[in-house]
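Heads up: the structure comes next, in structure tokens.
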Amino acid sequence: MLIRLLVVAVLLLIFWLGSRRMQLIPTRAQVVFEFATGFVRNNIVIGTLGEKDGKRFMPVLMTIFFVTLGMNLTGIIPPFQIAGTSVIGLPLIMAVVAYFLFIYAGVRKFGLRYFKNALILPGLNPIMAAFLAILEFLSTFILRPITLTLRLLMNMVAGHMLLVLCFAATDFFLFTVLADGNLLGFLGVGTFAFGLAFTLLELFVAALQAYVITILAAIYIQMALAEEH
Amino acid sequence: MNVVGQLAPLAFGLAAIGSGIGVGIIVGKTIESVARQPELQGRLQGLMFLGIALTEALAFIAIAVAFIPFPAP
């Protein structure tokens, strides 16, 4: 809880400082800031949604990306060591926001016809269409938010468990087994090295999951906005 | 003989078989495509990570099974 408030404060500070004095010839900090925001803008949002719709949904997708990234990164920063996203509340909020966002995008564009477009595939006989409508309903309106939540949550939980296992084993081997004079305790060096390696892996996973949840939200919006097939 | 334990890890193991094969296919095909057309690497990488994330989700759902509080028999 405290970690999340801290992350939000840090994010607000970074964005305030980053966007306060924009110069035509960027300083070093501004280059980093512009690289991060530019990556989300060009590669994720405009790359999937296109120029016009991308600009409409830019703020919320940008927020999803940076909040997720910030919360994920607390999982590997030493004094905290637990990701803000490794408790179900935050991934759930992200998924619910994305869920309402793509339904809103579809309903705004097509009205109630959106649900018909999403569920009923044209050019099939009625029995097949009814069967597929049930499948489409399950995958679009029920499984999408569930998988969005679980993907982020379980990545973070599994990463946390791996780190806990490695460092707990290090503690056990070095300070219990080796202190007893058993040479098997030198295994602790190996587990410590693996812990450090998994920390680097977690750094990669944190960025990857932020990217994935944002691009999936963008793709869902794009599918809702697509013309009827 | 009495065996006591939890079946959830077994479920994760079974789910990981499928996800593992899927991720392997995705990465392998991406490498193949990049070998054919190196200039598409950036775009293919994005698609690869997306595909991996979608495939992995099944294994992660299996991890979540361990956290569902089933009533004791």
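Pairs of lysine residues in the protein assembly as shown that meet both criteria, 8 or more places apart or on different chains and Cα atoms under 28 Å apart, total 4. Where Rh is the Kirkwood radius over the Cα pairs of chain B, the temperature 25 °C and the viscosity 0.890 mPa s, what D in µm²/s does Stokes-Einstein return? Using the Kirkwood radius from Cα pairs, D works out to 171 µm²/s.
Close amide H partners of A:Ala83, meaning residues 5 or more places away or on another chain with modelled amide H under 5 Å apart, are A:Gly75.
Out of the trypsin sites (Lys or Arg not before Pro) in the range A:1-34, which ones are loop residues according to DSSP with at most 11 other C-beta atoms within 10 Å?
Numbers: sites: A:Arg4, A:Arg20, A:Arg21, A:Arg28; in loops: A:Arg21.
Passing sites in the range A:1-34 are A:Arg21.
Thinking of the protein assembly as shown as a set of Cα atoms, what percent of all their pairs are more than 33 Å apart? Distances greater than 33 Å cover 36 percent of the Cα pairs. Of the trypsin sites (Lys or Arg not before Pro) found in chain B, none is in coil by DSSP with at most 10 other Cβ atoms within 10 Å of its Cβ.
Averaged over peptide A:42-52, the number of partner chain Cβ atoms lying within 10 Å of each residue's Cβ comes to 1.
Using DSSP H assignments, which helices in chain A have an axial alpha-carbon span of 24 Å or above and a mean Kyte-Doolittle hydropathy of -0.5 or higher?
On the way: long enough: A:2-20 (27 Å, 2.19); A:51-73 (32 Å, 0.51); A:89-110 (31 Å, 1.60); A:144-172 (41 Å, 1.22); A:187-225 (55 Å, 1.85).
Helix filter hits for chain A: A:2-20, A:51-73, A:89-110, A:144-172, A:187-225.
Note the angle between two axes, namely the Cα long axis of helix B:8-36 and the longest principal axis of the Cα atoms of chain B, as a number of degrees from 0 to 90, rounded to the nearest 10. Value to nearest ten degrees: 0.
Where a number appears in this text, it was derived from the coordinates with a stated rule and is not lab data. No experiment lies behind these values; they were computed from the predicted model shown. Neighbour counts run over all protein chains shown; Cβ positions are idealised from the backbone, glycine included.
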